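A.B. asks: Please find one structure pasted underneath; my questions will follow.
The values are calculated or read from the model by the stated rules, or taken from the named source; none is laboratory data. Just so we're clear, the structure is a prediction, and the values are computed from it rather than from any experiment. In this analysis, Cβ positions are derived from the backbone assuming ideal geometry, glycine residues included, and neighbour counts consider all displayed protein chains. Side chains included, ligands, DNA and RNA excluded: accessible areas come from the protein's heavy atoms. Shrake-Rupley method; radii C 1.70, N 1.55, O 1.52, S 1.80 Å.
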Amino acid sequence: AYGELTYSVTDKLKLIGGLRLSRTDLDYWQETAGPISGVVNPTLANGGVIVGQIAEEQVSPKIGFQYLLDDRNSLFGTISSGYRVGGVNQRPPTRCATDMELLGITTTPNTYDSDQVWNYELGGKFRIGSTQINGSVYRLEWADTQTNYGLPTCGFTYTVNAGKAVSQGVDLDAKAYLGAGV
């Protein structure tokens, strides 16, 4: 479910609020058999069958403002949150046992969790003659980042939640309107 409201404080200032409510339910049954997996008759006991459930609820808020300098120029700001749902990993093939042993890994995780990002942005939209200029500064803070982890020589990768990341910068675009009707 998602909803967003805009409230006009004045003719020039608008406040924006939004909320996304999400629920994910995932039942999984993974069966692996054959010479690469090292399992002839897959069962829960020998690791050839992996069964489980993932259930999560996420709340992602958004708040912001828009200030109209005039009918062609404005300033804006947004703080918002989002996420990427978690998932299920495959079982590593038996050929990876040596890599795992050398790295001190006894097992790979069956699942990985959601990661989450917070976005902070401040910018403006300006019309100068026939030119539109839009720009903003932003910062993204990413937590529990879903990252592929590859075993060095056996070619197997699985997903883990690893650390944090930050992305920040400036976004600038401009376009000119040419011709009649500008």
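A.B. asks: Using unit Cβ charges (K, R positive; D, E negative) and no other charged atoms, how large, in debye to the nearest 20, is the dipole of the chain about its Cα centre?
C.D. replies: 520 debye
A.B. asks: Could you tell me the convex hull volume per residue, in Å³, taken over the Cα atoms of the chain?
C.D. replies: 184 Å³
A.B. asks: Over all directions, how big on average is the projection of the convex hull of the alpha-carbon atoms in the range 1-69, in square nanometres?
C.D. replies: Reported value for the Cα convex hull: 7.7 nm².
A.B. asks: Taking the range 21-112, how much of its Cα-Cα pair set, in percent, is spaced more than 20 angstrom apart?
C.D. replies: Tail fraction, whole percent: 60.
A.B. asks: Divide by every residue of the chain the summed helix terms, -39500 (n - 2.57) for each DSSP H run of at least 4, and state the resulting mean residue ellipticity at 222 nm, rounded to the nearest 500 deg cm²/dmol.
C.D. replies: Mean residue ellipticity at 222 nm (helix-derived): -1000 deg cm²/dmol.
A.B. asks: How much net charge surrounds F76 when only the other residues with a Cβ under 10 Å from the Cβ of F76 are counted, with Lys and Arg +1 and Asp and Glu -1?
C.D. replies: That sum, taken over residues with Cβ under 10 Å, equals +1.
A.B. asks: Please work out the FRET efficiency for the pair R23 and N46, using the Cβ-Cβ distance as r and a Förster radius of 25 Å; give the result to the nearest 0.05.
C.D. replies: Here the calculated transfer efficiency is 0.15.
A.B. asks: Can you give the alpha-carbon Rg of the range 95-182 over 2.2 N^0.38 Å, where N counts its residues?
C.D. replies: That works out to 1.90 for the range 95-182.
A.B. asks: Given a 1.4 angstrom probe, what's the average accessible area per residue across the range 28-182, in square angstrom?
C.D. replies: Per residue, the range 28-182 has 62 Å² of solvent-accessible surface.
A.B. asks: Restricting things to alpha carbons, find the Rg to Rh ratio for the range 53-157 using the Kirkwood radius for Rh.
C.D. replies: 1.26
A.B. asks: Can you tell me the relative contact order of the chain? Whole percent, Cα pairs under 8 Å, sequence separation 6 or more.
C.D. replies: 16 percent
A.B. asks: Can you send over the carbon and sulfur percentage of the accessible area for the chain, probe radius 1.4 Å, protein chains only?
C.D. replies: C and S atoms contribute 55 percent here.
A.B. asks: For the range 72-130, what does the convex hull of the Cα positions come to per residue, in cubic angstrom?
C.D. replies: Spelled out: Cα convex hull of the range 72-130, divided by residues, is 181 Å³.
A.B. asks: A follow-up question, please. Contour minus end-to-end for L103 and N134, with contour as 0.36 nm per residue of separation and end-to-end as the Cα-Cα distance?
C.D. replies: 6.3 nm
A.B. asks: 7 Å from Cα along Cα→Cβ at both L69 and A165: what's the point-to-point distance in nm?
C.D. replies: In this crude spin-label approximation the distance works out to 3.4 nm.
A.B. asks: How many percent of all Cα-Cα pairs in the range 143-182 sit more than 13 Å apart?
C.D. replies: Considering the range 143-182, 73 percent of its Cα-Cα pairs are separated by more than 13 Å.
A.B. asks: Listed here are the pairs K62/K175; K125/K175; K14/K175; which of them are more than 19 Å apart at the Cα?
C.D. replies: Distance filter (> 19 Å) returns K62/K175; K14/K175.
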